[in-house]
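Q: Here it is, the structure in full.
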Amino acid sequence: MRLDRRLILALDLVDPGAAISVAKAVHREVDAIKVGWALFLSGGRDVFRDLARLGYLLADLRTAEIPNTTRLIVDQVVKMGASGIITQGFVGEDSVRAAVEAAGRAEVFVITEMSHPGGAQFTAPHAEEIARLAVRAGAAGIVAPATRPERLKALREIIGSRLILSPGVGAQGGNAREAIAAGADAVIVGRAIYEAADPIAAAKGVANELRSVAPR
């Protein structure tokens, strides 16, 4: 993933037409577009393929399966044009390795700790262990919360130069500048962009804010 703006759009819409419209408007203002199950279930493979034509498609289908099923899912996601894939780390190293192997040239990002309050209850206590697992398995990076920047600092020490993608900015209360300053490589922003009256201006605003933070 080439990070020029350090900004990823989380396109959590269920109307395929609206999703494509927003993506076409802002794709030059973000480094990647993240899409998940809600849009896939409403728009199917076609909407994934259409979005992949615009640039880096980060498929957030957060695989949480045994290794063989993981391989099958990741193989299909790559065939739809995804450049990156998000998978759960709690399933263990064998499943994460299966995702990395099946992804080929696509990048795999492992969720270490989720950004919502429940993430502090169950995933946070094991996040550092999962981060070490991601490194051993050869993942491109991890997904860790902008809502808890102190956790980003701890996880950065574990993963070294691998990427940290950080969700939770905006509606969940995370601060983009604080997340980058704490060690994130890019922030993931959804509603603050796609629900804005002017999504292009909103994306530019976040990107401009991040330019003031020194790169790690």
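The values are calculated or read from the model by the stated rules, or taken from the named source; none is laboratory data. Keep in mind that this is a model prediction, so the values were computed, not measured. Here Cβ is always computed from backbone atoms with ideal geometry, including for glycine, and neighbour counts include all displayed protein chains.
Q: Quick one: which residue in ALA38, ALA18, ALA23 is buried (at least 17 other Cβ atoms within 10 Å of the Cβ) and within 26 Å of ALA146 (Cβ to Cβ)? So that I can check it myself, show each step before the final result.
A: On the way: ALA38 fails: buried (at least 17 other Cβ atoms within 10 Å of the Cβ); ALA18 fails: buried (at least 17 other Cβ atoms within 10 Å of the Cβ).
Being buried (at least 17 other Cβ atoms within 10 Å of the Cβ) and within 26 Å of ALA146 (Cβ to Cβ) holds for just one of ALA38, ALA18, ALA23, which is ALA23.
Q: Considering only residues that are of a type in the set (A, V, I, L, M) and surrounded by fewer than 17 Cβ atoms within 10 Å (Cβ to Cβ), which ones fall in segment 41-53? Working first, answer last.
A: Looking only at segment 41-53, we keep the residues that are of a type in the set (A, V, I, L, M), and these are 41, 47, 51-52.
LEU41 - this is the single residue of segment 41-53 that is of a type in the set (A, V, I, L, M) and surrounded by fewer than 17 Cβ atoms within 10 Å (Cβ to Cβ).
Q: Please determine whether any residue of segment 172-184 is assigned to a loop (DSSP other than H, G, I, E, B), closer than 17 Å to ILE33 by Cβ and not acidic (Asp, Glu).
A: Our first condition is that a residue be assigned to a loop (DSSP other than H, G, I, E, B); within segment 172-184, this holds for 172-173, 175, 183-184.
Subset that is closer than 17 Å to ILE33 by Cβ: none.
Taking every residue of segment 172-184 in turn, none turns out to be assigned to a loop (DSSP other than H, G, I, E, B), closer than 17 Å to ILE33 by Cβ and not acidic (Asp, Glu).
Q: Moving on to the next point. Go through the residues of segment 138-145 one by one and say whether even a single one is among the β-branched types (Val, Ile, Thr), modelled with pLDDT of 90 or more, in contact with a strand residue (DSSP E or B) (Cβ under 6 Å, 6 or more places away or on another chain) and closer than 18 Å to ASP185 by Cα. Spell out the reasoning first.
A: First, the residues of segment 138-145 that are among the β-branched types (Val, Ile, Thr): 142-143.
Checking which are modelled with pLDDT of 90 or more leaves us with 142-143.
Those still in the list that are in contact with a strand residue (DSSP E or B) (Cβ under 6 Å, 6 or more places away or on another chain) too: 142-143.
Then keep just the ones that are closer than 18 Å to ASP185 by Cα; that gives 142-143.
Yes, segment 138-145 contains a residue that is among the β-branched types (Val, Ile, Thr), modelled with pLDDT of 90 or more, in contact with a strand residue (DSSP E or B) (Cβ under 6 Å, 6 or more places away or on another chain) and closer than 18 Å to ASP185 by Cα.
Q: Are any residues in segment 61-86 crowded, with 21+ Cβ neighbours inside 10 Å and either touching a residue at least 40 places away in the same chain (Cβ under 8 Å) or small (Gly, Ala, Ser) (or both), and if so, which ones?
A: Those that are crowded, with 21+ Cβ neighbours inside 10 Å and either touching a residue at least 40 places away in the same chain (Cβ under 8 Å) or small (Gly, Ala, Ser) (or both): ALA82, GLY84, ILE86.
Q: Condition test on ASP94, is it more than 18 Å from ALA32 (Cβ to Cβ), charged (D, E, K, R) and out of contact with any Gly (no Cβ under 8 Å at 6 or more places or on another chain)?
A: Working: more than 18 Å from ALA32 (Cβ to Cβ): yes; charged (D, E, K, R): yes; out of contact with any Gly (no Cβ under 8 Å at 6 or more places or on another chain): yes.
Yes; evaluated as a whole, the condition is true for this residue.
Q: With respect to ASN208, determine if the residue is within 24 Å of ALA23 (Cα to Cα) and out of contact with any helix residue (DSSP H, G or I) (no Cβ under 9 Å at 6 or more places or on another chain).
A: yes
Q: Please state which of the following conditions ALA184 fails to meet, knowing it meets all the rest: (1) buried (at least 24 other Cβ atoms within 10 Å of the Cβ); (2) in contact with a Gly (Cβ under 9 Å, 6 or more places away or on another chain); (3) under 20 Å from ASN208 (Cα atoms).
A: Of the numbered conditions (1) buried (at least 24 other Cβ atoms within 10 Å of the Cβ); (2) in contact with a Gly (Cβ under 9 Å, 6 or more places away or on another chain); (3) under 20 Å from ASN208 (Cα atoms), the odd one out for ALA184 is (2).
Q: Quick check: is even one residue across segment 32-52 assigned to a loop (DSSP other than H, G, I, E, B) and not charged (D, E, K, R)?
A: No; the residues of segment 32-52 include none that is assigned to a loop (DSSP other than H, G, I, E, B) and not charged (D, E, K, R).
Q: Then there's this: Only one of these is in a helix (DSSP H, G or I), at negative phi and either surrounded by 23 or more Cβ atoms within 10 Å (Cβ to Cβ) or within 15 Å of the chain's Cα centre (by Cα) (or both): ILE164, ILE193. Name it. Working first, answer last.
A: On the way: ILE164 fails: in a helix (DSSP H, G or I).
None of the other options fit; the residue is ILE193.
Q: Go through segment 116-145 and give me each residue that's in a loop (DSSP other than H, G, I, E, B) and either surrounded by fewer than 18 Cβ atoms within 10 Å (Cβ to Cβ) or under 12 Å from the mean Cα position of the chain (by Cα) (or both). Walk me through it before giving the result.
A: Keep residues of segment 116-145 that are in a loop (DSSP other than H, G, I, E, B), which gives 116, 123, 138-140, 144-145.
Of everything in segment 116-145, those that are in a loop (DSSP other than H, G, I, E, B) and either surrounded by fewer than 18 Cβ atoms within 10 Å (Cβ to Cβ) or under 12 Å from the mean Cα position of the chain (by Cα) (or both) turn out to be HIS116, GLY138, ALA140, ALA144, PRO145.
Q: Taking the condition out of contact with any Leu (no Cβ under 7 Å at 6 or more places or on another chain) and farther than 23 Å from GLU209 by Cα, does GLY138 pass? So that I can check it myself, show each step before the final result.
A: Details: out of contact with any Leu (no Cβ under 7 Å at 6 or more places or on another chain): yes; farther than 23 Å from GLU209 by Cα: yes.
Yes.
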